[in-house]
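Novice: Sharing a structure here in structure tokens format.
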Amino acid sequence: MQIVNHGVQKELMQNMRNVAYEFFKLPIKEKDKYAMLSNDIHGYGHAYVVSEDQTLDWTDTLFLLIYPNRFRKLQFWPRTPLEFKEITEAYSSEVKRVGDELLSSLSVIMGLEKHVLVGLHKEVLQGLRVNYYPPCNTPEEVLGLSPHSDSSTITLLMQDDDVPGLEIRHEGNWVPVTPIPNALVVNVGDVIEIWSNGKYKSVEHRAVTNKNKRRTSYATFLFPRDDVEVEPFDHMIDAQNLKMYQKVRYGDYLRQSLKRKMEGKAHTDVAKIKELVIEE
Ligand code: OGA
Ligand code: NI
């Protein structure tokens, strides 16, 4: 879904876009000061590189863990432009407010008390991934971002207003998510899919490239702490809805999903119970 009237100031959204673009415009040498290390997700680089012969997606990425504060790795936060840190913090704190509200509503929708979902995270982790897609001469030959679902609980995504690119898989077709100015796109992630025993499925999506225009997107992921064990809620399982997912430790789940090339929803299969035994 896309949400509007979320209260995040449009000036702040624009400032976030400006500082991110200033960063991506820097020479590679400058950006490489924040280069991702292998086996780590923080910093500037190319996410999901798992083999040397893989066709890479047409994108550059900057990933930062924002909350809780003590998990930040400030050496990966751009120091150019100067306002990058301050604006990223202001933007992220506003998105956190919206995210908390969404988690409360989802809690109620899933038949729980308002604060239950947030509580189950132990601590809600918040990461920001800025995706930068340069224009591409042959947009039909390469994807901006391969099909995947987010391993988060939910994702809140800010898009550019004037350049489409995001698509979701709906009934076998790729459907563009046409930007609504200053809206936030909300994705259901894998954690909600598992907690709801598949009632609320994480959305499969991808990004396509554009021949003439660059595009940037800003994905805020909310997810549980590594040591949280995620499994379907008892109240979402019954004779008609057998338990579909086994218990997974979130940290293990996240790491295995980052290690594979993005292949649609292949990583959610890891959590699926392999053989359902139907008892008469
Ligand atoms: C992501 C993502 C989509 C986009 O970062 O997980 O799906 O529109 N981004 O760039
Ligand atoms: Ni995504």
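The numbers here are math on the coordinates, done by the rules we state, and not lab data. Everything numeric in this text was worked out from a predicted model, so none of it was measured. Methodologically, a virtual Cβ is constructed for each residue, glycine included, from the backbone with ideal geometry; neighbour enumeration extends over all protein chains shown.
Novice: Cα centroids of the stretch 197-258 and the stretch 120-154: how far apart, whole angstrom?
Specialist: 13
Novice: The stretch 40-107: which GluC sites (Glu not before Pro) are DSSP loop and have at most 15 other beta-carbon atoms within 10 angstrom? Provide the component values of the computation, followed by the final result.
Specialist: Details: sites: 52, 83, 86, 89, 94, 101; in loops: 52, 83.
Those satisfying the criteria are 52, 83.
Novice: Looking at the chain, what % of its DSSP beta bridges pair antiparallel, to the nearest 5?
Specialist: Numbers: 45 of 47 bridges.
Roughly 95 percent of the beta bridges in the chain run antiparallel, per DSSP.
Novice: Give a residue-ordered list of calculated ³J(HN,Hα) values for the stretch 31-36 (Karplus: 6.51 cos²θ - 1.76 cosθ + 1.60, θ = phi - 60°; whole Hz; x for Gly, Pro).
Specialist: 3J(HN,Hα) across the stretch 31-36, in whole Hz: 5, 5, 4, 10, 4, 4.
Novice: Taking the simple approach of a point 7 Å from Cα along Cα-to-Cβ for both residue 39 and residue 229, what is their distance in nm?
Specialist: 2.7
Novice: Between residue 123 and residue 14, what FRET efficiency comes out of the Förster formula 1/(1 + (r/R0)^6) with R0 = 30 Å and r the beta carbon distance, rounded to 0.05?
Specialist: Details: r = 30 Å, r/R0 = 1.01.
E(calc), rounded to 0.05, equals 0.50.
Novice: Are there GluC sites (Glu not before Pro) in the stretch 194-277 that DSSP puts in a loop and that have at most 11 other Cβ atoms within 10 Å, and which ones?
Specialist: 263, 275
Novice: Would you mind giving the average projected area, over all directions, of the Cα convex hull of the chain in nm² with one decimal?
Specialist: Mean projected area of the Cα convex hull: 15.5 nm².
Novice: Here's something else I'd like to know. Once you charge only the Cβ atoms, +1 for Lys and Arg and -1 for Asp and Glu, what is the size of the charge dipole of the stretch 105-247 about its Cα centre, to the nearest 20 debye?
Specialist: Rounded to the nearest 20 debye, it is 260 debye.
Novice: Return the subset of 29/85; 247/274; 10/213 for which the Cα-Cα distance in this structure is over 18 Å, preserving the input order.
Specialist: Values: 29/85 20 Å; 247/274 13 Å; 10/213 22 Å.
Those over the limit are 29/85; 10/213.
Novice: Also, quick follow-up: Picking from 185, 246, 68, whose Cα lies most toward the positive end of the charge dipole for the chain (charges on Cβ: Lys, Arg +1; Asp, Glu -1)?
Specialist: Most positive-ward Cα: 68.
Novice: If each DSSP helix of 4+ residues adds -39,500 (n - 2.57) and the sum is divided by the residues in the chain, what number results at 222 nm, nearest 500 deg cm²/dmol?
Specialist: -7500 deg cm²/dmol
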